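Below you'll find the structure, written out as structure tokens, and then a few comments.
The values are calculated or read from the model by the stated rules, or taken from the named source; none is laboratory data. The model shown is predicted, which means the values in this text are computed figures rather than measured ones. With ideal geometry, Cβ positions are generated from the backbone for all residues, glycine too; neighbour counts draw on all protein chains shown.
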Amino acid sequence: MRNDLIQIAYVAAAVLFILGLKSMSSPRTARRGIIWAGVGMAVAVVITFATPEMRNFVWMTVALVIGGAIAYVAARRVAMTDMPQMVAIYNGMGGGAAALIAAVEFMKPGTMPTSFAILGIIGALIGSVSFSGSMIAFAKLQGIIKKSFLFPGQNVINLLVLAAAVVLAVIVALQHTGNMGGSEGLTLVAFYVVALLYGVLMTLPIGGADMPVVISLYNALTGLAVGFEGYVLGNGALIIAGIVVGAAGTLLTQLMAKAMNRSIANVLFAGFGATAGQELAGVEGTMKESTPDDAAVTLAFAQKVIIVPGYGMAVAQAQHKVWELAKLLTDRGIQVKFAIHPVAGRMPGHMNVLLAEAGVPYDMIYDLDEINGEFPTADAAIVIGANDVVNPAAREKGSPIYGMPILDVDKAQQAFVIKRGRGAGFAGIENALFYADNTRMVYGDAQDVAGKLIAGVKKV
Amino acid sequence: MITGFAAIYIFILAAFVGYEVISRVPVILHTPLMSCSNFVHGIVVVGAMIALGSATTTPERIVGFLAVLLGAANAVGGYAVTERMLDMFKSSGDQKKSAAAKGGGDA
């Protein structure tokens with residue numbers, strides 16, 4: 001009876017998780033979704049205390065309180081711009097937890113069925129890689145690790161390390177007796193060391209631009225690891241939630257990679273995101289400068305303005321000023337739309353979060369497919385802190401970014417590019433838009449320039 | 001225990017559910033979605049509790065303790081960041097409503 005109640009609670013949790021994820025398909029219902037999922041989690045955690053023959057309640061409670069409290073405080077404090085690394089670190093912890101569950105199960109005296117031992121050790125391998133990989137991703141995004149580590153034969157060495165981890169995993173799973181005293185304990189430790197090492201080696205060469213894809217991949221992997229440990233523990237909630245996230249995360253990873261015009265294999269093994277300074281020959285013309293005042297006049301007399309924000313805008317903390325400018329233009333009867341590239345910000349959808357934080361309503365924000373047809377009818381487009389995602393070179397064969405979907409800013413009647421300096425973009429490629437006849441460069445700090453534009457429009 | 005073909009059925013069906021549930025999510029929600037799915041695999045905390053709950057030796061307890069600690073951080077942190085993000089998504093209508101609620105304040 002008690003067991004049945006516990007199982008019913010787990011089923012309810014799994015259903016709530018799926019409904020929660022389902023609600024994520026619209027901004028109107030998304031908030032409800034996370035609350036449902038939260039209720040599911042609370043139910044599952046509370047009911048677990050009622051598991052028959054449970055021990056170590058003090059250890060358990062202390063761990064829950066410490067882990068939960070630290071994570072809660074950190075989550076409330078983190079700036080919205082730092083959201084990607086926050087997701088990375090929490091995700092890594094989930095992977096680590098899955099790996100440690102397997103460790104506990106292998107340390108327990110007595111054997112388990114071989115099929116469970118295999119699933120457990122696969123989960124441990126995936127979880128360990130996700131843990132150490134996510135920590136490296138966090139360190140890179142946080143700026144703790146600045147360099148990308150590339151050396152000849154890297155892929156071969158990584159492959160050998162992975163092979164070693166797999167061999168150790170097979171030994172652990174097949175030799176499992178639960179006696180940790182001798183070589184079995186050593187093998188288990190060696191397995192974890194090598195698995196963690198693989199996560200580090202796999203992530204180190206990947207550059208910052210590709211990190212969102214990697215985080216998303218680790219998110220999917222953690223889900224899978226959790227699902228596998230669910231089989232070992234015979235817990236349906238873990239199995240369903242883990243596998244659902246594993247599948248959903250895999251799809252999300254593909255969508256992100258597609259938006260960036262990269263294949264997942266490319267991201268993982270090529271290290272393009274790390275290389276910089278590729279020159280694109282054949283950009284002709286000169287950059288034409290404009291003052292904020294001149295730009296403001298053009299904006300004030302426009303009928304339709306499209307704003308293209310990039311991560312540079314968020315770095316300069318200019319989103320509030322930009323929203324103020326948008327409101328000012330709207331009040332003058334000008335139609336203002338925000339155009340967001342799928343990879344604007346530091347991960348897909350990140351820019352929407354940053355704009356939402358500034359107060360921009362989501363119905364003013366349009367994605368690439370919705371807005372691209374409208375650029376020819378826009379009197380002015382303002383590019384703020386974006387570069388590669390508006391580079392028309394992506395339409396030309398032979399360009400390193402050929403094929404990447406871009407926002408057609410060059411088709412607007414007039415484009416203003418607000419930029420700190422003359423340097424090339426994240427991918428290190430010259431931007432043909434900056435040299436176009438209908439483009440004017442407005443140099444300066446994004447927040448500063450946005451302020452001057454506001455003042456300029458008010459004067460008109 | 002869930003074994004044999006039942007285990008495989010669950011795996012396949014859950015994978016389809018995950019794929020379907022996400023396939024129609026607009027780009028603007030990708031970041032909250034990743035964060036939410038990150039929260040959902042925080043269910044690992046339950047597994048960690050079960051593992052720790054049957055631990056009998058000190059090394060097992062220590063490893064189990066760390067598992068619960070990490071799992072709890074995953075679940076709580078994942079929830080808090082997701083909720084914070086989704087809290088900020090407002091439509092023009094919502095903004096007018098909240099402005100009216102504040103008596104035409106500066107919302």
TODO: Could you figure out which of (1) touching a His at 6+ places or on another chain (Cβ under 7 Å); (2) of a type in the set (Gly, Ala, Ser); (3) without any contact (Cβ under 8 Å) to a residue 24 or more places away in the chain isn't true of A:ALA356?
DONE: (1)
TODO: Of the conditions (1) more than 24 Å from A:SER216 (Cβ to Cβ); (2) at pLDDT 90 or above; (3) outside any helix (DSSP H, G or I), A:ASP437 clears all except one; give me its number.
DONE: (2)
- [ ] Could you list all residues from segment A:68-99 that are in contact (Cβ under 8 Å) with a residue 24 or more places away in the chain and either outside any helix (DSSP H, G or I) or within 18 Å of B:LEU69 (Cα to Cα) (or both)?
- [x] A:VAL87, A:ALA88, A:ILE89, A:ASN91, A:GLY92, A:MET93, A:GLY94, A:GLY95, A:GLY96, A:ALA97, A:ALA98, A:ALA99
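Residue by residue, here is whether (1) touching a residue at least 24 places away in the same chain (Cβ under 8 Å); (2) buried (at least 23 other Cβ atoms within 10 Å of the Cβ); (3) more than 33 Å from the chain's Cα centre (by Cα); (4) assigned to a helix (DSSP H, G or I) holds:
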site: A:VAL104; (1), (2), (3), (4): no, yes, no, yes
site: A:ILE118; (1), (2), (3), (4): yes, no, no, yes
site: A:GLY127; (1), (2), (3), (4): yes, yes, no, yes
site: A:ASN179; (1), (2), (3), (4): yes, no, yes, no
TODO: Hey, can you tell me all the residues within segment A:19-39 that are in contact with a helix residue (DSSP H, G or I) (Cβ under 6 Å, 6 or more places away or on another chain) and within 8 Å of chain B (Cβ to nearest Cβ)?
DONE: A:GLY20, A:LEU21, A:LYS22, A:MET24, A:PRO27, A:ALA30, A:ARG31, A:GLY33, A:ILE34, A:ALA37, A:GLY38
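Quick one: which residue in A:LEU162, A:LEU188 is over 19 Å from A:GLY133 (Cα atoms) and buried (at least 18 other Cβ atoms within 10 Å of the Cβ)? Please lay out each step first, then the result.
Numbers: A:LEU162 fails: over 19 Å from A:GLY133 (Cα atoms).
None of the others qualify; the one that does is A:LEU188.
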TODO: Could you figure out which of (1) of a type outside the set (S, T, N, Q); (2) buried (at least 24 other Cβ atoms within 10 Å of the Cβ); (3) modelled with pLDDT of 95 or more isn't true of A:PRO212?
DONE: (3)
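What is the residue count in segment A:365-374 for residues that are outside any strand (DSSP E or B), under 28 Å from the mean Cα position of the chain (by Cα) and not polar (S, T, N, Q)? Give the derivation first.
Within segment A:365-374, the first condition is being outside any strand (DSSP E or B), and the residues that meet it are A:368-374.
After this cut, where a residue has to be under 28 Å from the mean Cα position of the chain (by Cα) as well, the list is A:368-373.
Checking which are not polar (S, T, N, Q) leaves us with A:368-371, A:373.
So the answer is 5.
Out of all the residues in segment A:309-323, which are buried (at least 23 other Cβ atoms within 10 Å of the Cβ) and part of a helix (DSSP H, G or I)?
A:MET313, A:ALA314, A:GLN319, A:VAL322
This table checks each residue for (1) of a type in the set (S, T, N, Q); (2) away from chain B (no Cβ under 14 Å).
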position: A:MET83; (1), (2): no, no
position: A:MET86; (1), (2): no, no
position: A:GLY95; (1), (2): no, no
position: A:ALA102; (1), (2): no, no
position: A:PHE106; (1), (2): no, no
position: A:GLY120; (1), (2): no, no
position: A:SER148; (1), (2): yes, yes
position: A:GLU184; (1), (2): no, no
position: A:VAL194; (1), (2): no, yes
Task: Residue that is nearest to A:GLY123 (Cα to Cα), among those in segment B:48-69 that are out of contact with any Gly (no Cβ under 8 Å at 6 or more places or on another chain) and not in a helix (DSSP H, G or I) - done: B:SER54
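Answer yes if at least one residue in segment A:241-254 is surrounded by fewer than 24 Cβ atoms within 10 Å (Cβ to Cβ) and farther than 24 Å from A:ALA344 by Cα, and no otherwise. If you could, list the steps in order and put the result at the bottom.
Keep residues of segment A:241-254 that are surrounded by fewer than 24 Cβ atoms within 10 Å (Cβ to Cβ), which gives A:250-251, A:253-254.
If we keep only those that are farther than 24 Å from A:ALA344 by Cα as well, we get none.
For segment A:241-254, residues surrounded by fewer than 24 Cβ atoms within 10 Å (Cβ to Cβ) and farther than 24 Å from A:ALA344 by Cα: absent.
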- [ ] Tell me, please, whether a residue that is under 13 Å from A:VAL226 (Cα atoms) and over 14 Å from the mean Cα position of the chain (by Cα) can be found in segment B:23-35.
- [x] no
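Residue-wise test of (1) within 7 Å of chain B (Cβ to nearest Cβ); (2) touching a helix residue (DSSP H, G or I) at 6+ places or on another chain (Cβ under 8 Å); (3) modelled with pLDDT of 95 or more.
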{"position": "A:GLU229", "(1), (2), (3)": "yes, yes, yes"}
{"position": "A:GLY234", "(1), (2), (3)": "yes, no, no"}
{"position": "A:ILE240", "(1), (2), (3)": "yes, yes, yes"}
{"position": "A:ALA247", "(1), (2), (3)": "yes, yes, yes"}
{"position": "A:GLN254", "(1), (2), (3)": "no, yes, no"}
{"position": "A:ALA257", "(1), (2), (3)": "no, yes, no"}
- [ ] Answer yes or no: is there a residue in segment B:31-47 that is out of contact with any Leu (no Cβ under 6 Å at 6 or more places or on another chain), facing another protein chain (nearest Cβ under 7 Å), surrounded by fewer than 24 Cβ atoms within 10 Å (Cβ to Cβ) and assigned to a helix (DSSP H, G or I).
- [x] no
- [ ] For residues that are facing another protein chain (nearest Cβ under 8 Å) and assigned to a helix (DSSP H, G or I), scanning just segment A:41-56, find the one that is nearest to the chain's Cα centre (by Cα).
- [x] A:MET41
- [ ] Just one of (1) touching a Pro at 6+ places or on another chain (Cβ under 6 Å); (2) away from chain B (no Cβ under 14 Å) trips up A:LEU141, so point out which.
- [x] (2)
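Name the one entry in A:ALA326, A:ALA344, A:ALA339 that is in a strand (DSSP E or B), closer than 18 Å to A:ILE371 by Cβ and within 13 Å of chain B (Cβ to nearest Cβ). Can you show your working first?
Working: A:ALA326 fails: in a strand (DSSP E or B); A:ALA344 fails: in a strand (DSSP E or B).
Answer to the selection: A:ALA339.
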Open item on the list: Among the listed residues B:ALA101, B:ALA55, identify the single one that is more than 7 Å from chain A (Cβ to nearest Cβ) and modelled with pLDDT under 95.
Closed with: B:ALA101
Task: Given (1) within 20 Å of A:SER25 (Cα to Cα); (2) surrounded by fewer than 23 Cβ atoms within 10 Å (Cβ to Cβ), index of the condition A:ILE429 fails - done: (1)
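One residue is enough: does segment A:395-404 have a residue meeting the conditions crowded, with 19+ Cβ neighbours inside 10 Å, assigned to a loop (DSSP other than H, G, I, E, B) and either of a type in the set (Asp, Glu) or in contact with a Pro (Cβ under 9 Å, 6 or more places away or on another chain) (or both)? Quick ask: steps written out before the conclusion?
Let us first name the residues in segment A:395-404 that are crowded, with 19+ Cβ neighbours inside 10 Å, namely A:399, A:401, A:404.
If we keep only those that are assigned to a loop (DSSP other than H, G, I, E, B) as well, we get A:399, A:401, A:404.
Filter once more, so that each one left must be either of a type in the set (Asp, Glu) or in contact with a Pro (Cβ under 9 Å, 6 or more places away or on another chain) (or both): none.
There is no residue in segment A:395-404 that is crowded, with 19+ Cβ neighbours inside 10 Å, assigned to a loop (DSSP other than H, G, I, E, B) and either of a type in the set (Asp, Glu) or in contact with a Pro (Cβ under 9 Å, 6 or more places away or on another chain) (or both).
Matching residues to (1) among the small types (Gly, Ala, Ser); (2) modelled with pLDDT of 85 or more; (3) in contact with a strand residue (DSSP E or B) (Cβ under 8 Å, 6 or more places away or on another chain); (4) closer than 20 Å to B:MET88 by Cβ:
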site	(1), (2), (3), (4)
A:PRO342	no, no, yes, yes
A:ARG346	no, no, no, yes
A:ALA356	yes, yes, no, yes
A:PRO361	no, yes, no, yes
A:LYS397	no, no, no, no
